[in-house]
Amino acid sequence: MRPIYLDYNASTPIDPAVADAMRPLLGEAFGNPSSGHWASAPAKSALEAARGEVAALLGCAAGEVVFTSGGSEANNLALKGVFFALKDKGEHIVTTQVEHPAILGPCRFLERLGATVTVLPVDRTGQVDPDDVLRAITPRTILISVMHANNEVGIIQPIAEIGRTTRERGILFHTDAAQSAGKISTNVNELGVDLLTIAGHKVYAPKGVGALYVRRGVELEPLIHGAGHENGRRAGTESALLAAGLGAACTLARDLGSIEQIRALRDRLWEAVQQRFGGRVALNGHVQHRLPNTLNVSFVGQVGAEILQRLSGVAASTGSACHAGRIELSPVLKAMGVQQEVGMGAIRFSLGRYTTMDEIDAVSELLADILVPAA
């Protein structure tokens, strides 16, 4: 059997159209985009065209897009940049228990420098209550960071509702949209955010590139100091090559037409699993408010890692880890209050642009072969 890739939330392959957009930058367009001579002009043109393509996906101005080395750097720039720029006004940051480590890690670092961080709980589906966000705000709050969609269970957070609260109070609002870009709308004005993160390798672009949307007028201390690249917000010679890849990927991501096909395949897998295993499977996350490509399902009483080992040739992820014979749930499942016997059997199947019906059917058959179906 050919290998089956169902781990698109971890990383996506480079789309052929993205590779085509990058190819010219490997040849004659080798100049430094920041130089002012003939050799720099093609690279500069490609860089700014890519910036416009990213902006078109987000519904913002091109000048509000900062290229970074990926989603983690973009998140760090948002959190640390706001903290150092506004620490005279306040030191309080609000976030949630289900954020990516690229958010929670910087928050812990900033706590060592005097930040106060409120980490809000989520409900059984993984969603934060906007009223909890409102109640967490203090006169010293300078930033709220809530991910748009969770990488593990796919839950979509009520970003627009939270955004209305932050605008009314003049508090900066950041969302990590690394998982949502290309799957649901990421228009920054509809979401009401001041900062938004995207990562190239989640949208069929190369690894090593991402972007941070920074609303015009928002003050950020650069994470990387040096020359005045990226309008003074991120020092370092720009990679027109990687930017072109991200730009092309963002252009493709604007077309959400194929998402319904992906959703149908995801639901086909879930229905097959339910039919075969009945009450011995449980859905982790919200039935409706989740990414259309993500299925996080628990095989109750089983160990997800062991199932994946037996799913020969299938690439997927598990929501638990085994340490010295002890099964440990992921922080996300813990925050959701998932019981041990349920969470230890969690597997995340994340579908993408190249997933086929034959692959979905093959995975459901493999599961039936290695697990005893319901009577």
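Every read-out reported here was derived from the displayed coordinates using simple, explicitly stated rules and does not represent laboratory data. Keep in mind that this is a model prediction, so the values were computed, not measured. No Cβ is skipped: glycine too gets one built from the backbone with ideal geometry, and neighbour counts run over all protein chains shown.
Here are the numbers:
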quantity	calculated
Packing-based ranking, highest mean first, of 211-217, 176-182 given that Cβ atoms within 10 Å are counted	176-182, 211-217
Order of Thr318, Thr12, Thr175 under a 10 Å beta carbon neighbour criterion, fewest first	Thr318, Thr12, Thr175
Within straight-line cross-link reach of Lys183, lysines at Cα separation under 17 Å, skipping those fewer than 8 residues along the same chain	Lys202
Student exercise, the chain dipole from Lys, Arg, Asp, Glu Cβ charges, in Debye to nearest 20	420
Computed helical MRE - 222 nm, the chain, DSSP H runs ≥ 4 contributing -39500 (n - 2.57), nearest 500	-11000 deg cm²/dmol
Net charge of Cβ neighbours under 12 Å - reference Phe173; Lys, Arg +1; Asp, Glu -1	0
Which of His174, His289, His37, His148 has the fewest Cβ neighbours within 10 Å, and the rest in rising order	His37, His289, His148, His174
Burial ordering of Ser69, Ser258, fewest other beta-carbon atoms within 10 Å first	Ser258, Ser69
